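J.: Pasting a structure here, questions to come.
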Amino acid sequence: MSIFSNLFKKKEASPIVSLMPQEIYEAGILELKDVIAPSALKITPKEINLGEKVARTFFVISYPRFLTDSWFAPIINLDKIFNISIFIHPIDTAKILRHFQKKVAEVQSQISTREDKGLVRDPMLDTAYQDLEALRDNLMQAQEKLFDVGVYITIFGDNTADLDKMESEIKSILESKLIYVKPALFQQESGYKSVLPIGDDQLMVHSKLNSSPLSSLFPFVSFDLTSNKGILYGINRHNSSLVLFDRYDLENYNSVTFAKAGSGKSYCTKLEILRTLMFETEVIVIDPEKEYEYMAEATGGKYFNISLNSEHHINPFDLPIPGPDESAADILRSNIINLVGLFRIMLGGLSQEEDAIIDRAITETYALKDISAESDFRNVEPPLLSDFELVLAGMEGAESLVERLTKYTKGTWSGFINRPSNVDINKKFVVFSLRDMEDELKPVAMYIVTHYIWNAIRKNLKKRLLVIDEAWWMMKSEDTASFLLGLAKRGRKYYLGLATITQDVDDFLKSPYGLPIITNSSIQILLKQSPSSIDNVQKTFNLTDEEKYLLLESDVGEGIFFVGLKHVALKVIASYTEDQIITTNPAQVLSIRKAKMDLDASQQGGVQ
């Protein structure tokens, strides 16, 4: 009796009086086959009824002369319920060579006969002769092998109409590639058994394929990269499945995005921010190009323009309130170390002697305001940069430092940081724009802003996302790059996700902190790359040559999405409403602004 028949065989009732107690016990045992067996089974010439489902099996009957790569992918990636079995039976090479020898002789004879009769050359015979000879040479040289291959497909549906519709779809896909299938008429039981995971080829409908075309049948051409919840990052370009992830369910909450200018990296990031805001997550953005202003306005966020003439100021001497597991001494010590790093950037580097002087001067500056390790930071007034300059001027050997610091306290840059802080980031979406800051001061501004944000994050434990656009600015200095790596490593403790975005991949990776930031990011997004940086990207992310060329040839908003060791080809897609909020296309931005101005003008006219 076959396995299939055993599986669905029902136990026959027997008179209890004729059974021994052991037999009665065994008759009542529920076995695995009883659990997995359908409630009913009906076999017809064209399909099988399995309880509530109907199944129909097909086999591939004919192939074209050439098979392209991944020709089977559209079938494998269909969003339908079906089973596929591929049976590969090796053929003895010596035996097939003897058969080929006879076949070649037959074809040659037919060609010669036609020539003797003066008939026109038959292209089909010539092609068959060339193919046979080429395959015979490859078999003799062991470059190819020959196989009997059976490909069986079983589709499932709720009724016959569903099966007919799916059958039509599969046939149209395959016939467009000159591949033909037939239903296993009057063999549906054998066909169904052949696709069960028991390795039993009962249909035995085979085509002879050599190694090269057989490799195109490889079934694992793509896979889904998604989770059960999260935000939509885009569409899998291979099978149109959704790339759906929640970064806060991963081992860390960080991401990196690499792309050349104009390839859609800011668009992709804005789309993530917009969708993240719907999940009660606070988002803070450091914006070097003023690209997030309209988005902040549209979502009811706060927008701070950090520049020399800005009304928004951040005092780097501010001290955060210690958290539950922190002491005032730890906070003060950490802030002094951060300030030494800031002055190293502001003053163009420090010698060991100057480093020690700066460290001592910062401690004395806090002491000048009666701030020590025992102070309650909620009731203190932090010093300003001018207070630090006053302390530094009274220290021996600090003349050069005071001279270099003057431009920040009395010169053209004095309005930047020599003021009390007046920035409140108690909002769901906050943007710090650095576009109007001079290039020479951007690393300083980024350092100050990120430290201010970090201090604010440590006050309250909330789900937050910190987005640093054009992060290569921070990689220019060892202190800012080191701090960025610290954020990537420590952010998880404070429920913080760090999204690092850059277009200058080489500058980012040249820093010794660049690669550790990448390895500490669970999500990595690579969009279109420039030829000058692609080799470095390929080496860093272990890309194949095909993936390398995919990044070079991708359109705007297309690339590769990594989560751990898995990755898929990604296409970023936004709805019309989302696109209107996040677009960075200059033509669209001007159109939106004009429409807004026209609307405001019409409203004012109506009021008058």
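Quick note: the coordinates plus some simple rules give every number you see, no bench work behind them. Just so we're clear, the structure is a prediction, and the values are computed from it rather than from any experiment. With ideal geometry, Cβ positions are generated from the backbone for all residues, glycine too; neighbour counts draw on all protein chains shown.
J.: Please pull out the direction-averaged projected area of segment 30-147, using the convex hull of its alpha-carbon atoms, in nm² to one decimal place.
T.: For segment 30-147, the mean projected area of the Cα convex hull comes to 13.2 nm².
J.: May I ask for the equivalent-ellipsoid semi-axes of segment 315-420, computed as the square root of five times each C-alpha gyration tensor eigenvalue and listed largest first in whole Å?
T.: 24, 15, 12
J.: Take the Cβ-Cβ distance between R98 and D122 as r, set R0 to 25 Å, and report the resulting FRET efficiency rounded to the nearest 0.05.
T.: Calculated transfer efficiency: 0.45.
J.: Taking only the C-alpha atoms, wrap a convex hull around segment 518-590 and report its volume per residue in Å³ as a whole number.
T.: 120
J.: Rounded to the nearest 500, what is the 222 nm mean residue ellipticity of the chain from helices alone, with -39500 (n - 2.57) per DSSP H run of 4+ residues and division by all residues?
T.: Helix-only estimate at 222 nm: -13000 deg cm²/dmol.
J.: In addition: Which entries of K459/K493; K95/K177; K193/K566; K95/K193; K229/K462; K427/K489 have Cα-Cα distances beyond 22 Å here?
T.: K95/K177; K193/K566; K95/K193; K427/K489
J.: Rank T363, L196, M475 by how far each Cα sits towards the positive end of the charge dipole of the chain (+1 on Lys, Arg Cβ; -1 on Asp, Glu Cβ) and give me just the farthest.
T.: Looking along the dipole axis, the top candidate is L196.
J.: While we're on this one: From the residues Y495, N536, V444, which one has its Cα farthest along the dipole of segment 440-557 in the positive direction, the dipole being from +1 and -1 charges on Cβ of Lys/Arg and Asp/Glu about the Cα centre?
T.: Of the options given, the answer is Y495.
J.: For the chain, find the longest principal axis of its Cα atoms and tell me its angle to the long axis of helix 328-346, 0 to 90°, nearest 10.
T.: Between the helix axis and the principal axis of the chain, the angle is about 90 degrees.
J.: Quick one: dipole size for the chain, taken about the Cα centre, charges +1 on Lys/Arg Cβ and -1 on Asp/Glu Cβ, in debye to the nearest 20.
T.: 1780
J.: Here's a follow-up. What FRET efficiency comes out for the pair A105/E52, r = Cβ-Cβ distance, R0 = 60 Å, nearest 0.05?
T.: 0.60
J.: What is the P(r) of segment 247-313, as percent of Cα-Cα pairs per 10 Å bin from 0?
T.: 15, 46, 31, 7, 0
J.: Mind checking the log10 I(q)/I(0) for segment 408-486 at q = 0.11, 0.14, 0.16, 0.20 Å⁻¹? Debye, one equal scatterer per Cα, no solvent, two decimals.
T.: With no solvent term, the Cα-only Debye profile gives -0.32, -0.52, -0.69, -1.05.
J.: So what's the Cα pair-distance distribution over the chain, bin width 20 Å, in %?
T.: Going from the shortest bin to the longest, the percentages are 15, 33, 26, 18, 8, 1.
J.: Tabulate in residue order the Karplus-calculated ³J(HN,Hα) for segment 248-254, using 6.51 cos²θ - 1.76 cosθ + 1.60 with θ = phi - 60°, rounded to whole Hz; enter x for Gly and Pro.
T.: 7, 9, 8, 5, 9, 9, 9
J.: Here is a follow-up. Could you give the alpha-carbon Rg of segment 376-432 over 2.2 N^0.38 Å, rounded to two decimals?
T.: That works out to 1.47 for segment 376-432.
J.: Cα axis of helix 399-409 to longest principal axis of the chain: angle in degrees, 0 to 90, nearest 10?
T.: Orientation of helix 399-409: about 70 degrees from the principal axis.
J.: Here's a follow-up. Quick one: which of 116-127, 176-187, 445-456, 480-491 comes out on top by average Cβ neighbours within 10 Å, and what's the full order, highest first?
T.: The densest-packed peptide leads the list: 445-456, 480-491, 176-187, 116-127.
J.: Give me the one-decimal Kirkwood hydrodynamic radius in Å for segment 116-202, with the sum taken over alpha-carbon pairs.
T.: Over segment 116-202, the inverse of the mean reciprocal pair distance is 17.1 Å.
J.: For segment 118-133, what does the Karplus curve 6.51 cos²θ - 1.76 cosθ + 1.60, with θ = phi - 60°, yield as ³J(HN,Hα) per residue in whole Hz, taken in order and with x for Gly and Pro?
T.: Values, residue by residue: x, 7, 5, 4, 9, x, 5, 5, 5, 5, 4, 5, 5, 5, 5, 5 Hz.
J.: Could I ask something else about it? Less than 15 Å Cβ to Cβ from D246, Lys/Arg counted +1 and Asp/Glu -1: what total charge do the surrounding residues give?
T.: Around D246, the surrounding residues sum to +2.
J.: If you fit an axis through the alpha-carbon atoms of helix 478-490 and take the longest principal axis of the Cα set of the chain, what angle between them do you get, 0 to 90°, nearest 10?
T.: 60
J.: Under the Kirkwood approximation for Rh and a Cα-based Rg, what ratio Rg/Rh is obtained for segment 204-319?
T.: Looking at segment 204-319, the ratio lands at 1.20.
J.: Please give the Cα centre distance for segment 240-293 versus segment 107-150, rounded to the nearest Å.
T.: Taking the Cα centre of segment 107-150 as reference, the centre of segment 240-293 is 58 Å away.
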